[in-house]
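Enquirer: So that we are looking at the same thing, I have put the structure below in structure tokens.
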């Protein structure tokens with residue numbers, strides 16, 4: 001299966017496959033109830049997973065995706081840690097910068113992080129359209145490498161993977177942990193390759 005062969009899956013189809021209520025305030029905490037991750041496809045050498053923005057942000061799935069992959073493909077501890085770190089950064093970029101369209105991170109010490117967290121939670125609870133945007137993770141492996149691609153439904157970005165200041169820090173971290181990285185689809189798809 002090639003990544004380009006996996007076409008977009010309508011969000012309504014993903015929602016229809018999950019029996020939960022999708023109205024604001026539907027979960028016990030008064031937040032927005034989101035569909036669980038969907039395993040869209042798998043074969044002997046690839047897996048495709050789709051998550052809503054809300055699920056991708058709240059569950060931080062990088063660790064479980066890499067752990068599950070390690071059950072299929074032998075991964076050393078160093079490779080698994082590098083993959084988890086890079087995937088975590090790519091998912092954070094897809095959710096925060098891509099699907100939620102927050103162009104610039106709000107930092108400036110602990111207060112800045114708290115403010116950003118509150119803003120993200122407000123967006124997820126108050127804007128069902130943004131909460132339901134999908135993040136797709138493709139994992140493909142061969143005897144010599146593992147490729148992980150993360151795609152969001154945002155506006156994209158101009159890739160500046162060498163920029164380690166302010167904007168672009170996540171891309172800098174990703175490049176440091178993978179063997180190859182490239183952005184496609186106007187910055188909406190980030191592919192990371194790891195030698196096995």
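The values are calculated or read from the model by the stated rules, or taken from the named source; none is laboratory data. If you're wondering where the values come from, they're calculated on a predicted model, not measured in any experiment. Heads up, the Cβs are rebuilt from the backbone with ideal geometry, glycines too, and the neighbour counts pull from every protein chain shown.
Enquirer: For region 58-74, how many residues are touching a helix residue (DSSP H, G or I) at 6+ places or on another chain (Cβ under 9 Å) and more than 15 Å from residue 90 (Cβ to Cβ)?
Expert: So the count comes out to 3.
Enquirer: Checking residue 145 against (1) more than 20 Å from residue 61 (Cβ to Cβ); (2) more than 16 Å from the chain's Cα centre (by Cα); (3) modelled with pLDDT under 95; (4) surrounded by 13 or more Cβ atoms within 10 Å (Cβ to Cβ), which test does it fail?
Expert: (3)
Enquirer: Restricting region 162-182 to residues that are buried (at least 17 other Cβ atoms within 10 Å of the Cβ) and at pLDDT below 90, which is farthest from residue 87 (Cα to Cα)?
Expert: 168
Enquirer: Hey, another quick one. All but one of (1) modelled with pLDDT of 65 or more; (2) part of a loop (DSSP other than H, G, I, E, B) hold for residue 65; state the number of the condition that does not hold.
Expert: Here residue 65 clears every test but (2).
Enquirer: In this structure, is residue 87 modelled with pLDDT of 90 or more, under 13 Å from residue 194 (Cβ atoms), under 11 Å from the mean Cα position of the chain (by Cα) and in a helix (DSSP H, G or I)?
Expert: yes
Enquirer: Please verify whether region 75-91 includes one or more residues that are touching a residue at least 24 places away in the same chain (Cβ under 8 Å), within 21 Å of residue 132 (Cβ to Cβ) and out of contact with any strand residue (DSSP E or B) (no Cβ under 8 Å at 6 or more places or on another chain).
Expert: No; the residues of region 75-91 include none that is touching a residue at least 24 places away in the same chain (Cβ under 8 Å), within 21 Å of residue 132 (Cβ to Cβ) and out of contact with any strand residue (DSSP E or B) (no Cβ under 8 Å at 6 or more places or on another chain).
Enquirer: Another question, then. Any residue in region 178-190 that is free of Cβ contacts under 8 Å to residues at least 40 places away in the same chain sitting within a Cβ distance under 7 Å of a residue that is part of a strand (DSSP E or B) and exposed (fewer than 15 other Cβ atoms within 10 Å of the Cβ)? List the pairs, counting only those 6 or more apart or interchain.
Expert: Final answer for the pair search is 179/195.
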